[in-house]
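See structure below.
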Amino acid sequence: MLNQARFPDIVADTGTSSVDAYASAARHSARVKRLKIVLPLAAGVIALVFAAISFIRAFLPEELQLETATIENGKIVMQNPAISGRNRQDISYSMKAQRALQDIANPDIITLEKIHAEMPVNETLVATVDATSGIYDRGGNTLDMNAPFTISMNNGVNADFQSAYLDIDAGEMETKHPIAISMNGGSIIAQSLRMTDKGRIVTFEGMVRVNVEPSAIRKNAK
């Protein structure tokens, strides 16, 4: 899943003596073990995050259940829009927002406020998205999550983003703001992230910190 990762702030120590060299090698080996455990998991999480957020594009006006709709400042304002149904595996999904605003002059631009969505990833895994706002461009099939949002899954994975920009057709996602991902056995924090090729390449940058619980390392070594 993870073909590329950049960690400019995770570097090996250097020394002149054989003892220092051995200690440096041991520390490097420990870091490699931690990365081998966390990075594939983190890459998988990012791919799931992309899929979960992309689900918001299903929020099209003709499919919405609305309580009321008004026109304000050149925009159609829809109160409490909601959508629900079942996927091909007959697993239910749902999404709702406090408001949806559609620009009359450019109807492809839809702004959603206070979003809550529950999306099945498979028969047992469910992703929950809570976002302050998002701007969906139907023409370009892009989604600008321009405010903080969280992704939580029922397997213990949590991802906190300050923002993210998704090009859904290209399978790309990018954020230039800090992210934090936690999961059973470890966590990863970075100042920016870029995902390409639908999750096959994930790049973390800027003061990257990886933490792995000792039990996860022992389990992986068995």
Practice item. Could I have the simple spin-label model distance between Lys176 and Thr132, label points 7 Å from Cα toward Cβ, reported in nm to one decimal? Key: 1.8
Review point. Does the stretch 122-222 classify as rounded, prolate or oblate by the C-alpha gyration tensor (a ≥ b ≥ c root eigenvalues; a/c under 1.5 gives rounded; else a/b over b/c gives prolate, otherwise oblate)?
Key: prolate
Practice item. Calculate the spin-label point distance for Ala82 paired with Gln191, positioning each point 7 Å from the Cα along the beta-carbon direction, and give it in nanometres. Key: 4.3
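For Asn184 and Gln89 in the same chain, what is the full-extension length gain: residue separation times 0.36 nm, less their Cα-Cα distance, in nm?
Working: separation 95, 0.36 × 95 = 34.20 nm, distance 2.69 nm.
Stretched fully, the Asn184-Gln89 segment lengthens by 31.5 nm.
Sorting Ser92, Ser192 on the 10 Å Cβ count, fewest up front, what's the list? Kindly include the intermediate steps, with their values, before the conclusion.
Working: Ser92 12, Ser192 16.
Exposure proxy ranking, most exposed first: Ser92, Ser192.
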**Study point:** Table column - 3J(HN,Hα) (Hz), the stretch 138-148, Karplus curve with 6.51, -1.76, 1.60, x for Gly and Pro
**Key:** 5, x, x, 6, 10, 9, 9, 7, 8, 8, x
Study note, to complete from the structure: Going from the fewest other Cβ atoms within 10 Å to the most, one would list Met195, Met183 as Met183, Met195
**Study point:** Total charge dipole magnitude, the stretch 66-151, about the Cα centre, Cβ charges on Lys, Arg, Asp, Glu only, Debye to nearest 20
**Key:** 100
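Set the Förster distance to 35 Å, then compute FRET efficiency between Asp103 and Asp160 from the Cβ-Cβ distance, nearest 0.05.
Details: r = 30 Å, r/R0 = 0.84.
Computed FRET efficiency for Asp103 and Asp160 comes out at 0.75.
Throughout, read-outs are computed from the coordinates displayed, never taken from laboratory work. What you see is a predicted model; the values in this text were computed from it and never measured. As a convention, Cβ positions derive from the backbone with ideal geometry for all residues, glycine included, and neighbour counts pool all protein chains shown.
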